Amino acid sequence: MLNESKILETINMITQEHLDIRTVTMGISLHSCVDSDTKKCCARIYDKITKKAENLVAAGESIEKELGIPIINKRISVTPISLIAAAAAGDDENFDCSPFAETLQKAADTCGVNFIGGFSALVQKGFAVSDKALIKSIPSALAATKNVCSSVNVASTKAGINMNAVAMMGKTIKQLAYLTRENDSIGCAKLVVFANVPEDNPFMAGAFHGSGEGECMINVGVSGPGVVKRALEKCDGDLSEVAETIKKTAFKITRMGQLVAAQASKKLGVPFGIVDLSLAPTPAIGDSVAHILEEMGLESCGSCGTTAALALLNDAVKKGGVMASSHVGGLSGAFIPVSEDAGMISAAKSGALTIEKLEAMTAVCSVGLDMIAVPGDTPDEVISALIADEAAIGVVNSKTTAVRVIPAYGKTVGDTVSFGGLLGEAPVMKISSFSPAKFISRGGRIPAPIQSLKN
Amino acid sequence: MNAVITVTGKDTVGIIAKVSSECFKYNANILDITQKVFGGMFVMTMLISVDELNIKFADFVDIMNDLAKKEHLVIHTMHESIFDAMHNI
């Protein structure tokens, strides 16, 4: 029989330490839905999604019951809509892509999923007509829908940074903030700007189903910051021992993800794609990445030492997780979304955590400047320049980085924005007011960086 | 396929009997039991075979959850695979 203490350890992780499967995400290719007639294309999209994912939620709930582990979200990602809308957009870069977002929303409602991702475009080197059309449609499309998520990849290590796209995204984010001003500019929480975006990410808001993916795949995102923190509470050793403890814990967490992914794949008859090793926090007490860093010995997340502690954490999570899963992918690492992490929220409120420190942290962890609220009157160019900085970190270091920033309309430093649920609440943070306007208005591309002479 | 039932709660007479009688009713074969009482707190781990269950496993989980509510216990009924995955390579 299994060791009793191991059984109780597992149950404790689930019941006391918030261990859960954060998301089972079904990726669906929409290439077969392309049509130059928008209505026909949207009808095909709806039919395909609702057919492929009709049992997704039921299968997730059944696994949840059998294994006794909560699966918090069941979600869908689709092929970037800019590719699917291209035939309908033709030569019209002002083509309205909103009907595609509305179709995704309708399909999400029918399937019962809480988010659907893929209202996306990949423009790291340049824009196709439909890419521009999609980006122009983002504010109205996301304001008119509730569960549709959007992402735009503006940079990659091989292509450099498309600064025209960066400039466009600053404006887009501001427009979206205005259109959703009645709800603390919540639209911006559904839009991510990426560098080096992964094509198999199961986490929202950045999930989409890349062109290199199969027809339909199951990707799983695990969680468990609470489990890591609790393990570290029992570790009095030096940082080598801290890293070992995190590795062992990450291994256990990821094995859950692998098991759930295998079962979901079998139940749905859909190939298993990847397990995403990310430590994804929630606003719940005891489910915070910031508190892990503090458990390592920092007075507050954001103090000097935070970047080093996060680097240790991120690396150990990957090392532990890689052996536990047959295929690893997505964003894999520790997430640091300010509004979704109780420890980050309190560190930002106390002034210990600043945007500049968060930017440094993104150089060593998964993703980037995530769920950060800034004053509503922050100029477009400043948002664009923030994106450019973040993209530069990703491009030069050959890693994924992203910006999900909320210029909260009508709010200023000291105010709080509140989205509720997993999206949490965030204090509006101070951002540099010195102008990068001329730099951003130059446009063009920042060339791809040299990959040798690494200093 | 095996499943693990864990039961914790205030010690009273007949907890094992109540859990085992549900197992008997739904044809779950008990393979192993460990049980202890720490300062009035009852802790039991039971391994059962669910191959011959006469209802769906998910329904059996619901029945054990109902028993937990009725008897003021905490009962977890989970497939063995989750523990194997986490603790065995």
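The values are calculated or read from the model by the stated rules, or taken from the named source; none is laboratory data. Bear in mind the structure is a predicted one, so any value in this text is a computation, not a measurement. We place every Cβ from the backbone using ideal geometry, glycine too, and count neighbours over all the protein chains shown. Heads up: the accessible areas ignore ligands, DNA and RNA and are worked out on the full protein's heavy atoms, side chains in. Shrake-Rupley method; radii C 1.70, N 1.55, O 1.52, S 1.80 Å.
Only Cα pairs under 8 Å and 6+ residues apart enter the sum, and on that basis the relative contact order of chain A stands at 17 percent. Scoring A:425-437, A:385-397 by mean Cβ neighbours within 10 Å over their residues and listing the highest first yields A:385-397, A:425-437.
Once you keep just the Cα pairs under 8 angstrom separated by 6 or more residues, what percentage relative contact order results for the range A:97-172?
38
Per-residue extension of 0.36 nm, minus the Cα-Cα distance of A:ASN94 and A:HIS31, leaves a gain of 20.5 nm for this segment. Using a probe of 1.4 Å on the protein chains alone, the accessible area found for A:TYR46 is around 50 Å².
Counting only protein heavy atoms and rolling a 1.4 Å probe, how much accessible area do B and A lose on contact, total for both sides, in Å² to 100?
2300
For the range A:399-411, putting each phi into the Karplus relation 6.51 cos²θ - 1.76 cosθ + 1.60 with θ = phi - 60° gives couplings of 9, 6, 9, 7, 10, 10, 10, 10, x, 5, 4, x, 10 Hz, in residue order, rounded to whole numbers and with x for Gly and Pro.
Using bins of 5 Å that start at zero, the share of Cα-Cα pairs per bin across the range A:19-73 amounts to 4, 18, 21, 15, 13, 11, 9, 5, 3, 0, in whole %.
Shielding value for A:3-15 is 5, the average number of Cβ atoms from other chains within 10 Å of each residue's Cβ.
With a 1.4 Å probe and every protein chain kept in, tell me what percent of the accessible surface of the protein assembly as shown is carbon plus sulfur.
Details: 11120 of 21140 Å².
Reported share for carbon and sulfur atoms: 53 percent.
Across q = 0.09, 0.12, 0.13, 0.17 Å⁻¹, the range A:25-195 modelled as identical point scatterers on its alpha-carbon atoms has Debye log10 I(q)/I(0) values of -0.31, -0.55, -0.64, -1.02, in the order of the q list.
So which DSSP H runs in chain A come out at 15 Å plus along the axis (Cα) with average Kyte-Doolittle of at least 0.5?
Working: long enough: A:4-15 (16 Å, 0.22); A:38-52 (21 Å, -0.96); A:56-67 (17 Å, 0.36); A:98-111 (20 Å, -0.26); A:129-144 (23 Å, 0.79); A:163-179 (24 Å, 0.60); A:239-268 (43 Å, 0.01); A:306-324 (27 Å, 0.72); A:380-396 (24 Å, 1.29).
Sorted by number, the helices that extend far enough and score high enough are A:129-144, A:163-179, A:306-324, A:380-396.
Comparing the full protein assembly with the isolated chain, the residues of the range A:245-259 losing at least 20 square angstrom of accessible surface (1.4 Å probe) are A:PHE251, A:LYS252, A:ARG255, A:MET256, A:LEU259. Within the range A:200-235, what residues put their amide N at less than 19 Å from the label point 7 Å along the Cα-to-Cβ vector of A:GLU241? A:228-235, by backbone N distance to the label point. With a Cα-only, solvent-free Debye model of the range B:32-89, what are the log10 I(q)/I(0) values at q = 0.18 Å⁻¹? With one equal scatterer per Cα and no solvent, log10 I(q)/I(0) is -0.81.
Rounded to the nearest 10 square angstrom, A:LEU239 shows an accessible area of 100 square angstrom against a 1.4 Å probe. The modelled label-to-label distance between B:LYS36 and B:ASP84, using points 7 Å beyond Cα along the C-beta direction, is 2.6 nm. With contributions of -39500 (n - 2.57) from each DSSP H run of at least four residues, the per-residue ellipticity at 222 nm computed over chain A stands at -13500 deg cm²/dmol. Summing +1 for each Lys or Arg and -1 for each Asp or Glu among the other residues whose beta-carbon sits under 12 angstrom from that of A:GLY351 gives +3.
Using only the heavy atoms of the protein chains and a 1.4 Å probe, how would B:LYS69, A:LYS171, A:LYS74, A:LYS318 rank by accessible area, largest first? Don't skip to the answer; put the middle values down first.
Details: B:LYS69 155, A:LYS171 110, A:LYS74 25, A:LYS318 80 Å².
From most accessible down to least: B:LYS69, A:LYS171, A:LYS318, A:LYS74.
Using a 10 Å cut-off on Cβ to Cβ distances, tally the other chain neighbours for every residue of B:2-10 and report the average as a whole number. Walk me through the numbers before you get to the answer.
On the way: counts 2, 2, 7, 1, 6, 0, 2, 0, 0.
Partner-chain Cβ atoms within 10 Å, mean over residues of B:2-10: 2.
The alpha-carbon of A:LYS411 sits under 21 angstrom from the alpha-carbons of these lysines, leaving out residues fewer than 8 places away in its chain: A:LYS171, A:LYS174, A:LYS190, A:LYS349, A:LYS430.
The mean count of C-beta atoms from other chains within 10 Å of the C-beta of residues in A:269-282, rounded to a whole number, is 0.
In this simple spin-label model, placing a label point 7 Å from the Cα along the Cα-to-Cβ direction at both A:ALA284 and A:ASP47 gives a separation of 4.1 nm. Per-residue extension of 0.36 nm, minus the Cα-Cα distance of A:ARG442 and A:SER5, leaves a gain of 151.1 nm for this segment.
Across the range A:220-446, the volume of the C-alpha convex hull divided among the residues equals 137 Å³ per residue.
Within the shell of other residues whose beta carbon sits under 10 angstrom from the beta carbon of A:THR25, the net charge comes to +1, with Lys and Arg scored +1 and Asp and Glu -1. Placing pseudo-labels 7 Å out from each Cα toward the beta carbon at B:GLU52 and B:LYS25 gives an inter-label distance of 1.9 nm. Accessible surface area normalised per residue over the range A:32-82 is 40 Å², counting heavy atoms of protein chains with a 1.4 Å rolling probe.
Based on the Cβ-Cβ distance from A:LYS40 to A:THR412, what FRET efficiency comes out when R0 is 45 Å, to the nearest 0.05?
Numbers: r = 47 Å, r/R0 = 1.05.
FRET efficiency, A:LYS40 to A:THR412: 0.45.
Between the range A:1-47 and the range A:87-121, the alpha-carbon centres lie 20 Å apart. Estimated at the nearest 10 Å², the accessible area of A:MET217 is 30 Å² with a 1.4 Å probe.
Radius of gyration over Kirkwood radius for chain A, both on Cα atoms: the Rg/Rh ratio is 0.95.
Look at the alpha carbon pairs under 8 Å that are at least 6 residues apart: their mean separation over the length of the range A:25-195 gives a relative contact order of 21 percent.
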